[in-house]
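Before any comments, here is the structure.
Where a number appears in this text, it was derived from the coordinates with a stated rule and is not lab data. In this text the structure is predicted, and so the values were computed from the model without any measurement. When we count neighbours, we look across all protein chains shown, and the Cβ atoms used for this are built from the backbone with ideal geometry, even at glycine.
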Amino acid sequence: MHVGNGVAVVDMGGMDARLRGTNQVFAGDIDESMQSFQRVGASRYQPVREFLRILTRSSKGRKLLIYLVINLASTAILLAWCQVSNSMSLTALAYLTVFDLFYLLTSAVSIWSYSRCPSSVFSFGYERFEVLAVFTSTMLAQLGSFFIFKESVERIFEPHHIHEGKLPLGAALAILVHSLIIYSSENLPFQHVIQACSSSWLQEHMADVSESLCHVMPGLSRVLLPRSNPLTLLGCASTFCVIATYIAVDIKNYQGADVTAALCMAIFTIGTMWPMSSYTGRILLQTTPSHIIGQLDKLLREACTLDGVLEFRNEHFWTLGFGKMAGTVHVRVRRDANDQLVLAHVYSRLAPMISQLTIQIFKDDWSRSSAYHIINNTSVAPPPITPIKPFNAAAVQPLLPGSGYLPNLTAGTTNSLKAASHNLQPWTSTPYSTPLSTPMKGRSNPS
């Protein structure tokens, strides 16, 4: 049964009723070995062609392709200037434009995922590709920072001469392209992650500085007090480091400023990307967000009070994509309850928060389940059966007084009983006491 946009499943026999698609292969008249290599090569590039066709079909996609060309050209120019200037700080700034390339590709993946419909392979849709794209982009940026950090440490022991002529031009080009991509292109996945993840330490320090400035100049509160974009802060901080390197090398001829600036930029990049990586990583691990656990518990308690609902089992809720939740739950109902009515009520309670919901309903059949448990439980074994001897009523003689029957006693048995009775001593009820003649420690014997 399908209710709304979610999926509601009714299962009376304890089996999941969700239908998974199966790949059916139909044998054709032509053997597969007779296919040409050109057709095989065309099938390999078919997904890329379809991806480009989806991008060029929309105005947003065409605008995104223009930004991709601009970013590739600026990145190539910056990498060429890095070879000429031999500067690690400019190389780190060029890596920031490489991250902008992945930023644009993430936006392209978002456009592609929204144009696709759920299939038998991806029954929940393609929203998780956006999460994977953001996670990949941030992790690659941190990996590039580790390479910058390694090269900078090597240059501490093996200094290189820096040609500072290209540093201001590279800084201006990088911050211009970076700001154009961040503010001109619409990237819904990164915008959601920036708003939902925790603040980076660069944002926290910027917030402290902004509060101090707002105490002096209250008019700047509208501009400085809102949460700053971490990618914009990263671009500004990296550009400032490159400009400081140019000033130190050009005026003071201090070659070590380039290595110091590169190390600072690597630390800035890791500190900015880590909160976004951890947020998307938790989504990929299908964890339940901590801020909605209380709301889910409240909804489940309210749903348990519905007529016919006995309990919920195997409930699992996770984040499917950015701002979209999915979940599965098993509902045990009474045997006389209406399945469709209970299903509709439970779905109406959980659907406002869980967009993709799978509900499996089974009747309360405790007798069958208990018998099935006892049969399958091999640890419970019945006690061994002892053979019962046949009952002989003639061999039993009553010993009740006045019945007229006495047991048959032989002469040997009578003599042994008399001898045992002579050896018995009379029992006295004298309480036990310690003899006075027993010597005690610490006292002298009176005898």
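Keeping to the stretch 271-293, report how many residues are outside any loop (DSSP other than H, G, I, E, B), touching a residue at least 12 places away in the same chain (Cβ under 8 Å) and surrounded by fewer than 16 Cβ atoms within 10 Å (Cβ to Cβ).
Residues flagged as outside any loop (DSSP other than H, G, I, E, B), touching a residue at least 12 places away in the same chain (Cβ under 8 Å) and surrounded by fewer than 16 Cβ atoms within 10 Å (Cβ to Cβ) within the stretch 271-293 amount to 4.
Name the residues in the stretch 237-257 that are under 17 Å from HIS161 (Cα atoms) and out of contact with any Pro (no Cβ under 9 Å at 6 or more places or on another chain), would you?
Within the stretch 237-257, ALA244, THR245, ILE247, ALA248, VAL249, ASP250, ILE251, LYS252, ASN253, TYR254, ALA257 qualify.
Answer with yes or no whether ARG227 is of a type in the set (Lys, Arg) and not in a helix (DSSP H, G or I).
Answer is yes for this residue.
On the basis of being in a strand (DSSP E or B), surrounded by 14 or more Cβ atoms within 10 Å (Cβ to Cβ) and small (Gly, Ala, Ser), does ALA266 make the cut? Can you show your working first?
Numbers: in a strand (DSSP E or B): no; surrounded by 14 or more Cβ atoms within 10 Å (Cβ to Cβ): yes; small (Gly, Ala, Ser): yes.
No: the conditions fail for ALA266.
Can you pull out every residue in the stretch 303-332 that is out of contact with any strand residue (DSSP E or B) (no Cβ under 8 Å at 6 or more places or on another chain), free of Cβ contacts under 8 Å to residues at least 60 places away in the same chain and assigned to a strand (DSSP E or B)?
In the first step, residues of the stretch 303-332 are kept if they are out of contact with any strand residue (DSSP E or B) (no Cβ under 8 Å at 6 or more places or on another chain); the result is 305-307, 321-323.
Of the ones still in play, those that are also free of Cβ contacts under 8 Å to residues at least 60 places away in the same chain are 305-307.
Across the stretch 303-332, there are no qualifying residues.
Looking at LEU296, LEU300, LEU343 in this structure, which one is without any contact (Cβ under 8 Å) to a residue 60 or more places away in the chain, part of a helix (DSSP H, G or I) and either under 18 Å from the mean Cα position of the chain (by Cα) or surrounded by 20 or more Cβ atoms within 10 Å (Cβ to Cβ) (or both)?
On the way: LEU300 fails: either under 18 Å from the mean Cα position of the chain (by Cα) or surrounded by 20 or more Cβ atoms within 10 Å (Cβ to Cβ) (or both); LEU343 fails: without any contact (Cβ under 8 Å) to a residue 60 or more places away in the chain.
None of the other options fit; the residue is LEU296.
Go through the stretch 131-186 and give me each residue that's of a type in the set (Val, Ile, Thr) and surrounded by 16 or more Cβ atoms within 10 Å (Cβ to Cβ).
From the stretch 131-186, those of a type in the set (Val, Ile, Thr) are 131, 134, 136, 138, 148, 153, 156, 162, 175, 177, 181-182; that's our starting set.
Listed by number, the residues that qualify are VAL131, VAL134, THR136, THR138, ILE148, ILE162, ILE175, VAL177, ILE181, ILE182.
Tell me which residues, restricted to the stretch 161-207, are of a type in the set (Asp, Glu) and part of a helix (DSSP H, G or I). Explain how you work it out, then say what you get.
First, pick out the residues of the stretch 161-207 that are of a type in the set (Asp, Glu): 164, 186, 204.
Matches in the stretch 161-207: GLU164, GLU204.
If LEU234 satisfies every condition in (1) closer than 24 Å to SER137 by Cα; (2) surrounded by 19 or more Cβ atoms within 10 Å (Cβ to Cβ); (3) touching a Pro at 6+ places or on another chain (Cβ under 7 Å) but one, which is the exception?
(3)
Only residues that are aromatic (Phe, Trp, Tyr) and closer than 17 Å to SER198 by Cα: list them for the stretch 230-279, please. It would help to see each step written out before you state the result.
Narrowing the stretch 230-279 to residues aromatic (Phe, Trp, Tyr): 240, 246, 254, 268, 274, 279.
Hits for the stretch 230-279 are PHE268, TRP274, TYR279.
Working only within the stretch 303-319, note down all residues that are under 17 Å from TYR347 (Cβ atoms), of a type in the set (A, V, I, L, M, F, W, C) and within 27 Å of the chain's Cα centre (by Cα).
Passing the criteria: ALA303, CYS304, PHE312, PHE317.
From the residues in the stretch 39-95 that are in a loop (DSSP other than H, G, I, E, B) and in contact (Cβ under 8 Å) with a residue 40 or more places away in the chain, which one is farthest from VAL153 (Cα to Cα)?
SER58
Here's the yes/no breakdown for (1) within 26 Å of TYR103 (Cβ to Cβ); (2) under 37 Å from the mean Cα position of the chain (by Cα):
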residue	(1), (2)
GLU158	no, no
PRO168	yes, no
ALA174	yes, yes
GLU186	yes, yes
ALA196	yes, yes
MET217	no, no
ILE247	no, no
